[in-house]
Each structure stands twice: as C-alpha cells, then as structure tokens.
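Let me begin by presenting the structure, written as structure tokens, before commenting on it.
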Amino acid sequence: MGGALGETLNALVQRFNESQKDVRVVAEHKGSAEDTMIAALSAQRAPGGPHLVQATDIGTAQMMASKSAVRPVWQVFADGGEKIDPHAFLPAVASYFSDNAGKLVALPFNIATPILFYNKDAFRKAKLDPERPPSTWYEMPKAMGELVSAGYECVYTTVWPSWVQIENMSTWHNQDFATRENGLAGLDAKLIFNTHLMVRHVSFLSSWARAGYFTYSGRRIQGERRFARGECAMITASSASYAQLRSEAKFDFGAAQLPYYDDIKGAPHHSLISGGGLWAMAGKTPAEYRGMARFLAWLARPEIQADWHQRTGYVPVTRAAYEQTAQSGFYKTNPGHEIAIKQLLLNQPTRESRGIRLGEFAAIRAILEEELESVWDGKVEPKLALDRAAERGDVLLRKFEKDNRSGHEPGVPERSPRGPRPAAKPAAKAK
C-alpha cells in the first residue's frame, strides 16, 4: 500500500514490533497489486523471497493454483501454535478466502464492498430529500432528472465498472457470474454473466448515458476524484473510499446502500467483497512460520481489526471487531462506515454469492470493461457486448484450466493478457 493507507499500515506494523521482542516485521511497498503478486511468486523460485504477501481478491485463484509457492494460513496457524476460528469472520469475507473444506488459505485484511455516495448539497439544490437517496435502480431516473434540471452535468458515475456493475450486481441479486460456484468449485468454470438481468441493467445504463444521466469516468477510480471535487452528484464506489472522501470533499455528502432491482426475488442478497488477503509463502523455517503465525494472529485481534477499520474505512473482517466498534459509538458519528458491513451481513452466502474466484481475473475484467465501453460509445448493443465478453473471457479460462491440469505449476501469470476479440456481428436488440 502507498500513500495514506501505506502510512497507516506501516504504523500498524510498528505497533506490532513494539508490542513484543521475539518477532520483527519489515513492510515493503512493491508497487501495484499485480506487480506485487508476480514478484512474490517469482521470488519463490530462489531463496530470499517474502514471508507474507498482500494479494488482491482477483489474484486469489492464481495464488491457490501456485501450490508449491504458498502455505495455507490455517496450516501456518497450526504449525505456529496459534488458533484461528474461520467462523469468527464475516461469512461473506471468510467464504472467499477459504478452501472447499472451510479452512482459511489467506488472512482477510483490506476488505471493502461498493456502496452509493451522494452529494447532499446537490440534492438540496435539486429540491430532493438529502436523507432519502434512491434505494432502487427504478428510483434513480427521477433523482437524476431533477439533478440535471438543477444544472449538474454529471449526475451519476461509477468506479471499477466490471466490479460494481456486473460482478456485484450479480451477487447483489443472488445470480451467478460464472458456473462452478463462480469458479470456487473448479477450474472448469464458464462465464455466464450475460443474463437477462445484466442485459437489462447495462441497457438502463446505456440509455441513461445517452440521456446525460450516467457519465462514464473510466475503468478505475477517476469517478471518485470527480465526485470529491463536486463535479458528480452520485457515485457507486468502494466503501473504503469513505475516509478519503471525507478529507477531500468540500461539501456535505452521504452514503447509502447499493441500489437494487426490487422485482428480483430475494434481492438485495448481499454485496461482494473486494480487497486483499495476506498469504504465507512456502519454503520458510519452522521459526519463521511461528513468527508469521504470531503476527497474523495479532492482526486478527478484535481491537486491532476495529482500529484498522476505523482508520481506513475498510470493513472489519471479524464480527468481534464490528461489535467492538459499534459499542464504542463510532457509527453514531460515522454512520457511512456501517453501511458496507450491513450489506455484507444481509444474508448468508449461497452457492451463487460466496465470491468469484477465476484464473486470469484481471484480464477478464479488462475484457468486460472494453466491451462495456463499446456500449457507452453507442457502438454495440448491451447483449452483444456481454456475449462477446463472456466468449473472450472463456478463452482465458480454458487456457488457465489447461495450464493447471497439466500436472505442473502454472508459474508466473502473464500481465493482463486479453482474449481474442470476435469478429463484429450485427447488433442484436436486447429484449
């Protein structure tokens, strides 16, 4: 982590080092999440690699597939004489970082989920109730129309379109993104996010883009910066953005639950996590594993998790940390911090909602976002774009499956490879 988050993490490491004299942890910032994972896996081929690596959720399948390079966290705890209870973690968090036996393969750490942020001052100017943001996607157009009439050119935008608009909207409505339990049950998963619901949702966004209601701001967090400057009135963004927005925004803003479709049975279900886990690398000494176990167990303590949550805006990954934060009165003065946790606790994870664990996930996201951009540009109909994204992504999944079923380690992943783009087909109207 870099920037303010990196400073908070370094302070946490220093706090651990000062709490005891047997173990010393040294934190290193290695660049982007993808670079960090690639460097860590490459380093395992020679002595001197890291003991622990922070890998994002989209790298989970690759880390699990690199069996000779990693040591499951549950085993590190057992070997180090420390205890960890997977049931102590929020269900939507633990299920993603667990194997099929329910044992933790990595320690959940910097976890977030998307929520809706909105400019209360803009709502007041548009004569909208600043305490009642839209709760469903069907309520969005009225609010957006009033904001346009009030003079706002960007009334709604988003960050990470694939994560928020496709991955989370699938889980939020308890629908599959891919077969084989979204990849958690096997490498032979196929992408099936091109559903009737997703076609409808992308069609809505496309029509709103044409009407000036939805503004595309890029694939990453460009929209967040625009919202912080007061340019955009509403944004779907990571819950971990709350603290940063609070320090940057010069206006009154609120946070609310993700909009959903209230005509879908069982919706809203629960949202999907994003973020990283701490992975233990293989090939270390018993003494080193004892030190790693001690540090990880310290990080999982309720008081440490509660402090990390309150300082960063990340979700407290254990129930005890959440309860401790609630009892302290923190949410009374910072209500936006609790919305993400409530979203994750709405319902128990199901086969469709435990998480998405796919090989080459970063590249699949890039494909989805490229195809979505063709929709925002008005070049391709939503159904065709989603069909093409699934087809191109499946090519990468079959390659990942083949590499990992061949009996040898998959090795270091390529950097954001892209599947072949099919030849253009006539635009199909979405029904």
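The values are calculated or read from the model by the stated rules, or taken from the named source; none is laboratory data. Note that this is a predicted model, so its numbers are computed, not measured. Neighbour counts are summed over all protein chains in view; Cβ atoms, including those assigned to glycine, are modelled from backbone coordinates with ideal geometry. For accessibility, only protein heavy atoms count, side chains too; no ligands or nucleic acids. Shrake-Rupley method; radii C 1.70, N 1.55, O 1.52, S 1.80 Å.
Brief remarks on what is shown
- Here the accessible area of region 212-314 is 48 percent carbon and sulfur, with a 1.4 angstrom probe and all protein chains present.
- Under 5 Å between amide hydrogens, built in the peptide plane, is the criterion, and for Leu258 it picks out Leu116 among residues at least 5 positions away or on other chains.
- Lysines whose Cα lies under 20 Å from that of Lys332, excluding same-chain neighbours fewer than 8 positions away: Lys120, Lys342
- Considering only beta bridges that DSSP places wholly inside the chain, some 80 percent are antiparallel.
- Hydrodynamic radius by Kirkwood, which averages 1/r over all alpha carbon pairs of the chain, in angstrom: 22.4
- Probe 1.4 Å, accessible area per residue of the chain, Å²: 43
- Coupling constants for region 67-75 follow from the phi torsions by the Karplus curve (6.51 cos²θ - 1.76 cosθ + 1.60, θ = phi - 60°), and in residue order they are 4, 6, 9, 10, 10, x, 4, 4, 6 Hz; glycine and proline get x.
- Under 18 Å of direct C-alpha separation, and excluding same-chain neighbours fewer than eight residues apart, Lys125 reaches these lysines: Lys142, Lys250.
- Distances between placed amide hydrogens fall under 5 Å for Cys232 paired with Phe227, all partners being 5 or more residues away or on another chain.
- Taken one residue at a time, the phi angles of region 157-166 give Karplus couplings (6.51, -1.76, 1.60, θ = phi - 60°) of 9, 8, 9, 5, x, 5, 5, 7, 8, 10 Hz. Gly and Pro are set to x.
- Percent of Cα pairs exceeding the 15 Å cut-off, where the set is region 116-164: 43
- Cβ-defined net charge surrounding Lys127, 15 Å radius [Lys, Arg +1; Asp, Glu -1]: +1
- Axis angle, to the nearest 10 degrees, between helix 140-149 and the longest C-alpha principal axis of the chain: 60 degrees.
- Local net charge near Ala228, Cβ-Cβ under 12 Å (Lys/Arg +1, Asp/Glu -1): +2
- 27 Å Cα-Cα reach of Lys21 towards lysines, excluding residues that sit fewer than 8 places from it in its own chain: Lys30, Lys83, Lys284
- Proximity of backbone amide H atoms, modeled 1.01 Å from N, is registered between Ser217 and Thr158 at under 5 Å, excluding neighbours fewer than 5 places apart on the same chain.
- Each residue of region 181-196 was assigned a 3J(HN,Hα) from its phi angle through the Karplus curve 6.51 cos²θ - 1.76 cosθ + 1.60 (θ = phi - 60°); the sequence is 6, 6, x, 5, 9, x, 7, 8, 6, 10, 6, 9, 6, 7, 8, 4 Hz, with glycine and proline shown as x.
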